[in-house]
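K.L.:
Sharing a structure, written as structure tokens. Questions coming.
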There are 2 protein chains.
Amino acid sequence: MRHSQRREQLLDTAITLFARHGYHAVGIDTILKCAGVSKKTLYRHFRSKDELILAALRKYDGRFRNAFMRQVEARAAEPRGRLLAVFDVAADWFEADNFYGCMFVNAVGEYAEAETPIRRACRDFKAEMRRYIEDLCRQAGAPEPATLAAELALLLEGAIVTAQVSGQVSGRVSGPVAHAESGASGSRVAESRGRAAETAKSAAKVLIDQALAAGAGRP
Amino acid sequence: MRHSQRREQLLDTAITLFARHGYHAVGIDTILKCAGVSKKTLYRHFRSKDELILAALRKYDGRFRNAFMRQVEARAAEPRGRLLAVFDVAADWFEADNFYGCMFVNAVGEYAEAETPIRRACRDFKAEMRRYIEDLCRQAGAPEPATLAAELALLLEGAIVTAQVSGQVSGRVSGPVAHAESGASGSRVAESRGRAAETAKSAAKVLIDQALAAGAGRP
DNA sequence: TGTCGTGGAGACAGATCTGTCTCCTTGTCG
DNA sequence: CGACAAGGAGACAGATCTGTCTCCACGACA
């Protein structure tokens with residue numbers, strides 16, 4: 001395996017484990033075992049666990065935003081349609097098995113103290129997402145794209161958290177003991193989480209229409 | 001000190017520390033030292049750390065919801081005014097020094113796996129908050145109080161997370177080293193976090209008015 | 001005054017964590 | 001073929017974590 005391949009393997013494993021279990025809860029040894037990489041290799045690429053976390057967040061940032069935007073653009077061609085498609089893409093995300101909320105929000109929850117690079121990475125991610133929504137708002141002709149974008153971003157953020165907290169856990173991952181009611185519960189779980197996205201979408205529609213109407217009524 | 005006083009002292013300390021640093025990051029010994037209580041006493045009251053966390057969340061749940069509702073009701077008498085006051089109360093909360101986001105959301109981030117009592121406590125908290133908002137929506141005469149409440153709850157949730165992630169850290173707590181720019185930065189921080197609440201409030205106004213207008217136009 | 005429950009202080013076990021270091025294998029390139 | 005860098009496996013140090021246990025002080029009450 002090539003030098004850089006190991007690095008990516010390490011980061012991918014770290015992303016998966018941190019997303020699922022949290023940051024403090026996942027030890028270095030666990031990541032190493034899952035990635036099939038030795039400790040020496042890890043510390044050759046990253047100076048410390050914090051640096052690994054930071055690199056993982058950065059990689060996830062790029063990958064997530066890229067996929068998100070591509071999916072939004074695949075779903076609709078018009079700016080207004082794309083603004084609404086944001087919430088459809090979110091619904092798909094929520095219904096995935098490996099949905100554990102927003103990695104960045106969870107990271108800030110664990111690294112709240114002080115102004116660490118980890119916090120900065122999280123702020124940057126949210127700012128970029130907001131900027132993308134703002135671009136869509138501007139293309140849609142909103143008179144105050146920044147304001148509308150801030151409102152829609154709030155709805156999206158709220159939907160993510162609500163889907164994370166309210167949705168039951170997937171169950172599939174919890175171990176060898178099968179739950180009694182785990183028959184069709186998977187899809188029921190997905191449905192309950194997807195509802196947050198639907199609610200956000202219907203609220204977004206109201207806000208978008210109101211903003212665009214206000215823009216149209218102006219000289 | 002009385003038996004039950006020690007228990008409450010323990011819980012209050014735990015709430016403060018968990019909120020600020022997270023759950024895995026705070027060890028038992030730290031809580032004991034801050035609370036001025038011995039290890040024996042802790043394990044007399046709680047079987048394990050998880051049980052302490054659960055008890056802390058439950059106590060915080062009651063205290064927070066109580067204070068929140070009292071403040072909302074002190075700010076406005078009419079149901080519609082109270083729905084909006086929710087976001088003013090949130091703004092005050094965000095601007096407090098000891099604001100570190102929602103304890104429950106952070107808890108779910110760290111205990112995502114499996115269906116633990118901790119997860120359940122978090123879900124219950126969010127459900128109760130939503131129910132309170134739904135009651136206000138019903139009193140305000142919304143034709144579909146559950147739908148409007150879900151939308152407003154999403155906005156509130158989004159504002160909490162956004163205030164937590166986007167807002168700089170307070171600084172005051174970070175140690176003996178004073179930051180160079182810590183002169184009036186405290187209020188600037190509070191202002192940046194309060195903006196999320198303002199955005200949510202203006203969006204809420206649109207959603208509420210639209211819902212109430214739809215209700216008035218119906219037989 | 002003697003007894004008993006409560007709690008403080010902390011030693012201790014056993015596990016786990018991060019980060020370093022050694023020993024050995026493997027693959028690559030001159 | 002020979003040198004050398006990369007990596008695997010894992011021992012190790014030192015810290016920290018949870019949870020149990022002992023020893024002792026103190027106060028309430030018969």
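Bear in mind that the values in this text are calculations on the coordinates, not laboratory data. The structure displayed is predicted, hence computed values, not measured ones. Every residue, glycine as well, gets a Cβ built from its backbone with ideal geometry; the counts of neighbours run over all protein chains shown.
K.L.:
Dividing the alpha-carbon radius of gyration of segment B:55-133 by 2.2 N^0.38 Å (N being the number of residues), what value is obtained?
P.N.:
1.19
K.L.:
Suppose every K and R has +1 on its Cβ and every D and E has -1 on its Cβ; what is the size of the dipole of chain B about the Cα centre, in Debye to the nearest 20?
P.N.:
In debye, rounded to 20, chain B gives about 820.
K.L.:
Then there is this: Based on the Kirkwood radius over alpha-carbon pairs, what is the Stokes-Einstein translational diffusion coefficient of segment B:21-91 at 4 °C with 1.567 mPa s viscosity, in µm²/s?
P.N.:
88
K.L.:
In nanometres, what is the gap between the two model label sites at B:K59 and B:D97, each 7 Å from Cα along Cα-to-Cβ?
P.N.:
It is 2.1 nm.
K.L.:
Using the scaling law 2.2 N^0.38 Å as the reference, what is the normalised Cα Rg of chain B?
P.N.:
Relative to the rule-of-thumb radius for its length, chain B sits at 1.15.
K.L.:
Taking Cα centroids, how far is segment B:6-58 from segment A:28-47 in Å?
P.N.:
Answer, in whole Å: 33.
K.L.:
Plugging the Kirkwood radius over Cα pairs into Stokes-Einstein for the protein assembly as shown, at a temperature of 25 °C and a viscosity of 0.890 mPa s, what D comes out in µm²/s?
P.N.:
107
K.L.:
Taking a threshold of 26 Å on the Cα-Cα distance, which of the pairs B:K39/B:K59; A:K33/A:K126; B:K59/B:K201 fall above it?
P.N.:
Beyond 26 Å: A:K33/A:K126; B:K59/B:K201.
K.L.:
When the Karplus curve 6.51 cos²θ - 1.76 cosθ + 1.60 is applied with θ = phi - 60°, which whole-Hz ³J(HN,Hα) does each residue of segment B:71-79 get, with x for Gly and Pro?
P.N.:
Values per residue, Gly and Pro as x: 5, 4, 6, 6, 8, 8, 9, 7, x Hz.
K.L.:
Taking all pairs of different Cα atoms in segment A:1-125, averaging 1/r and flipping that mean, what Kirkwood radius in angstroms comes out?
P.N.:
Its Kirkwood hydrodynamic radius stands at 15.8 Å.
K.L.:
Same structure, new question: Run lengths n ≥ 4 of DSSP H only: what is the helix-derived mean residue ellipticity at 222 nm for chain B, with -39500 (n - 2.57) per run over all residues, to the nearest 500?
P.N.:
The helix contribution divided over chain B gives -25000 deg cm²/dmol.
K.L.:
Based on the alpha-carbon gyration tensor of segment A:72-178 and its eigenvalue square roots a ≥ b ≥ c, which shape applies: rounded if a/c is under 1.5, prolate if not and a/b is larger than b/c, or oblate?
P.N.:
Oblate, because a/c is 1.5 or more while a/b does not exceed b/c.
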